[in-house]
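Enquirer: Quick one: structure below, then a few questions.
The values are calculated or read from the model by the stated rules, or taken from the named source; none is laboratory data. Please read all numbers here as calculations on a predicted model, not as lab measurements. Ideal geometry is used to build each Cβ from the backbone, glycine not excepted, and the neighbour counts take in all protein chains shown.
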Amino acid sequence: MKENLPSYLAEAKPNSAENRTAWFKNIAPSYAGIILWFVFWQNTVNIGAGAGGLAQGVLTPIIGVVIGAILCYLLYYKVPALMGMKSGMPLYVIGSSVFGAKGGIVMPGLLMGLLQFGWVGVNIAGSSALLYMCLPESMQTTAALYGIMIAWGALATFMGLVGIKYVAKISTYLPLIPLVILIILVAKTACTVSNFDPKVFAPIADAAKAAPISKLAIISLITTAMIGFFATAGAAGADFATGARNKSDVRWGGLVGITFFMIFTAVAAIVIVAGAYGNKDMLPALIQAKMPLDATVVMNAVLGSSIGKICMFLLAISAFPAACFSAMIAANSFKTMLPKINANLSVAIGGAAAIALALTGVAGKAVTIFVFFGASFAPICGALAADYVLAGFKWSGARAGLNPAGWIAWAAGFIIGVLPMFGYLKDLPFNPVISFFVGAGLYAICMKAGLKTKLVK
C-alpha cells in the first residue's frame, strides 16, 4: 500500500534519536519566543468593552490567564507533542490518522499553511502600528501607515522564501527584547497596582454604551483569546517534539515554554496597565492618549514619549522573524502537500493576501483572528487527543483516503467555534474548550460506530 500513498506520507521518515536534544534546547525556547511576541500579551487586557479585562479589577483577569495557560498546555499541546515524540513524525503526517491520507493534505496540512498568512497579516498590522507611532506627528498619515504595511509584508514574505537562514541567525536573541521591556515596565508600574480603580474607565464605557461585564465573561474572553492565539502553535507541538528525547522533555518543555511564559507575559501586561492607571502622575498622559489599554501604547506614559517610542521600534523589529517564519512554514506546507505546484507563486499570492488583510484593517482585529484560529484548530486537537487514547496512547498510523470520523468531528467543532463571530452563542463561555471536546467526543463516537477507513501505514 505504501506506493499508493501521497508523497508526503510515502517519503516521511521519523526523526532519529541522535537528532534529539533536551527540552531547554528546543521545545521551551521555541514556545517562549512565540509567546513573548507583543501581539499576544498586549491583547490580554485590551479585550471586551469599557475597562476590558480590568473591568472587575486585577485579580479576575489574572485568574483567566492562569486558566488559559493551563488549558493551552493540557488540551492543545500535550497530546500532539507526545505523538510527535513517540512517532518522530511531524503534524502533517500525524494528522493523517484522523483525516486520512488524502484528507491530511488539506487538514491539517494546507490549513496550517493557509493560516500562517493570517499570522503574517496580524504581524504586519501590529508591527506597522508600532512603527507608525514612532514617526513624528507630521509624518503620521494614512499613506505612511500603508507604506509601512506593504514594505513590511513584502520583505517578510521574501525573506521567508529565500533568506530565512539569515533571519534565523538573529532570531534566537530577539525575544530577549520584549522580555527586557516587560521587566522594565513591570518594575515601573508594580508599586501602584494597588491604587488601580476600574471606575477610571467609566467615561469610555458610558460613551460606548457598554453593558457591565461579569467576572465569568472576563475569564472566558481572556481564555478564548489565549487559546485562539495558541491553538495552531499547540498542534505544532508535534513538530517541536520530534526533537524531544522522552516524556520528561515534552512535559518540561511545555510547562516552561508555554505555561510559565504565558502566565509571566500576560500577568505582566495586566500589571503594567493597572499600575499605569493607578499612578496619578501618569493619568494625564493616558487621558491625552485616549485611555489606551494596550500595554505597548501605555509605554509612552510609563517611560516617557522618547524612550517609549524606542521600545515600540524594538518590539516591532523583534517581531520581524515571526513573520518570516510564518511565510516559511506556509511555503514548506505547499511544497510538501502540493509538490507539483510552484510554492514561490503560492507564497507570493499568500503574502499579498496577508498585506491586504492588514490594509483593510481585518488583521488589526487580533482577538477576532484568534477566535477564528481557535475554532479551526480546537477540534483538530480534540480529535487527535481522542485518536491517541483509542490507539493505546500512541500514533495509530495513517488511514486511507478521507477518514469520515475526523471530518465529521472537525466540522461540528468548527461550526460551534465560529458561531459567536456571526452573533450566535455569544454568551457561551469557553467556546474553544467546548469546540475541543465536541471534536474529541464526536471523533470517538464515529470511530466506535465504524465511520472510519482502514490503516495503511
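Enquirer: Look through 130, 110 and report the one residue that is over 30 Å from residue 454 (Cα atoms) and either assigned to a helix (DSSP H, G or I) or not aliphatic (A, V, I, L, M) (or both).
Expert: Testing whether each residue is over 30 Å from residue 454 (Cα atoms) and either assigned to a helix (DSSP H, G or I) or not aliphatic (A, V, I, L, M) (or both) leaves just 130.
Enquirer: For residue 314, are the conditions met, namely being surrounded by fewer than 23 Cβ atoms within 10 Å (Cβ to Cβ), in contact with a helix residue (DSSP H, G or I) (Cβ under 8 Å, 6 or more places away or on another chain), in contact (Cβ under 8 Å) with a residue 40 or more places away in the chain and farther than 20 Å from residue 106 by Cβ?
Expert: Yes; evaluated as a whole, the condition is true for this residue.
Enquirer: Evaluate the following for residue 148: is it at pLDDT 95 or above, of a type in the set (Val, Ile, Thr) and more than 24 Å from the chain's Cα centre (by Cα)?
Expert: no
Enquirer: Being surrounded by 24 or more Cβ atoms within 10 Å (Cβ to Cβ), closer than 24 Å to residue 230 by Cβ and not aliphatic (A, V, I, L, M): is that true of residue 377 here?
Expert: Here the answer is yes, as residue 377 does meet what is asked.
Enquirer: Report whether or not residue 54 is surrounded by fewer than 21 Cβ atoms within 10 Å (Cβ to Cβ) and not polar (S, T, N, Q).
Expert: No.
Enquirer: For the stretch 317-333: of the residues being among the aliphatic types (A, V, I, L, M), over 26 Å from residue 7 (Cα atoms) and within 16 Å of the chain's Cα centre (by Cα), which is surrounded by the most Cβ atoms within 10 Å (Cβ to Cβ)?
Expert: 323
Enquirer: Mind listing whichever residues of the stretch 238-294 are in a loop (DSSP other than H, G, I, E, B) and closer than 15 Å to residue 44 by Cβ?
Expert: Listed by number, the residues that qualify are 292, 293, 294.
Enquirer: OK, next. What are the residues in the stretch 400-454 that are surrounded by fewer than 19 Cβ atoms within 10 Å (Cβ to Cβ), among the aliphatic types (A, V, I, L, M) and touching a residue at least 60 places away in the same chain (Cβ under 8 Å), if any?
Expert: Correct list: 402 only.
Enquirer: Could you please tell me which pairs satisfy a Cβ distance under 9 Å, a separation of 6+ or placement on different chains, a first residue in the stretch 234-263 that is free of Cβ contacts under 8 Å to residues at least 60 places away in the same chain, and a second residue that is outside any helix (DSSP H, G or I)?
Expert: none
Enquirer: With at pLDDT 90 or above, of a type outside the set (Lys, Arg) and within 30 Å of residue 107 (Cα to Cα) as the only criterion, which of 274, 319 stands out?
Expert: 319
Enquirer: If you scan the stretch 82-116, which residues turn out to be in contact with a strand residue (DSSP E or B) (Cβ under 7 Å, 6 or more places away or on another chain) and among the aliphatic types (A, V, I, L, M)?
Expert: 85, 101 - these are the residues of the stretch 82-116 that are in contact with a strand residue (DSSP E or B) (Cβ under 7 Å, 6 or more places away or on another chain) and among the aliphatic types (A, V, I, L, M).
Enquirer: Sort out which residues of the stretch 187-213 are surrounded by 12 or more Cβ atoms within 10 Å (Cβ to Cβ), at pLDDT 65 or above and either of a type in the set (D, E, K, R) or outside any helix (DSSP H, G or I) (or both), and write them in order of number.
Expert: 188, 196, 197, 213
Enquirer: So, one more: Of everything in the stretch 292-310, what is touching a residue at least 60 places away in the same chain (Cβ under 8 Å) and of a type in the set (Gly, Ala, Ser)? Give them in sequence order.
Expert: Passing the criteria: only 295.
Enquirer: Next up: Checking residue 59 against (1) free of Cβ contacts under 8 Å to residues at least 60 places away in the same chain; (2) in contact with a Lys or Arg (Cβ under 7 Å, 6 or more places away or on another chain); (3) not aromatic (Phe, Trp, Tyr): exactly one of these is not met. Which one?
Expert: Of the numbered conditions (1) free of Cβ contacts under 8 Å to residues at least 60 places away in the same chain; (2) in contact with a Lys or Arg (Cβ under 7 Å, 6 or more places away or on another chain); (3) not aromatic (Phe, Trp, Tyr), the odd one out for residue 59 is (2).
Enquirer: What number of residues within the stretch 118-145 satisfy the criterion of being buried (at least 24 other Cβ atoms within 10 Å of the Cβ) and of a type outside the set (Ser, Thr, Tyr)?
Expert: Final tally of qualifying residues: 9.
Enquirer: Tell me the residue from 389, 297 that is outside any loop (DSSP other than H, G, I, E, B) and farther than 30 Å from residue 404 by Cα, please. If you could, list the steps in order and put the result at the bottom.
Expert: Working: 389 fails: farther than 30 Å from residue 404 by Cα.
On inspection, the qualifying residue turns out to be 297.
Enquirer: Here's another thing I want to ask about it. Pairs needed: first member in the stretch 375-398, under 23 Å from residue 429 (Cβ atoms) and modelled with pLDDT of 95 or more; second member anywhere, not in a helix (DSSP H, G or I) and not hydrophobic (A, V, I, L, M, F, W, C); C-beta distance under 8 Å; at least 6 residues apart or different chains.
Expert: Cβ pairs passing all conditions: 380/95.
Enquirer: Restricting attention to the stretch 6-34, report how many residues are more than 25 Å from the chain's Cα centre (by Cα) and assigned to a helix (DSSP H, G or I).
Expert: Within the stretch 6-34, residues that are more than 25 Å from the chain's Cα centre (by Cα) and assigned to a helix (DSSP H, G or I) number 7.
Enquirer: Scan 10, 22 and give me the residue that is touching a helix residue (DSSP H, G or I) at 6+ places or on another chain (Cβ under 8 Å), within 30 Å of residue 404 (Cβ to Cβ), surrounded by fewer than 20 Cβ atoms within 10 Å (Cβ to Cβ) and not basic (Lys, Arg).
Expert: Working: 22 fails: within 30 Å of residue 404 (Cβ to Cβ).
On inspection, the qualifying residue turns out to be 10.
Enquirer: Now, a different point. For the stretch 345-390, which positions are on the phi > 0 side of the Ramachandran plot and among the acidic types (Asp, Glu)?
Expert: None - no residue of the stretch 345-390 is on the phi > 0 side of the Ramachandran plot and among the acidic types (Asp, Glu), so the list stays empty.
Enquirer: Okay, moving on. Determine the pairs where a residue that is touching a residue at least 60 places away in the same chain (Cβ under 8 Å) and of a type outside the set (Lys, Arg), located within the stretch 171-196, has a partner that is outside any helix (DSSP H, G or I) and surrounded by 12 or more Cβ atoms within 10 Å (Cβ to Cβ) with Cβ atoms under 6 Å apart, the partner being 6 or more residues away or on another chain.
Expert: 175/36; 178/36; 179/36; 192/278; 192/279; 193/278; 195/278; 196/278
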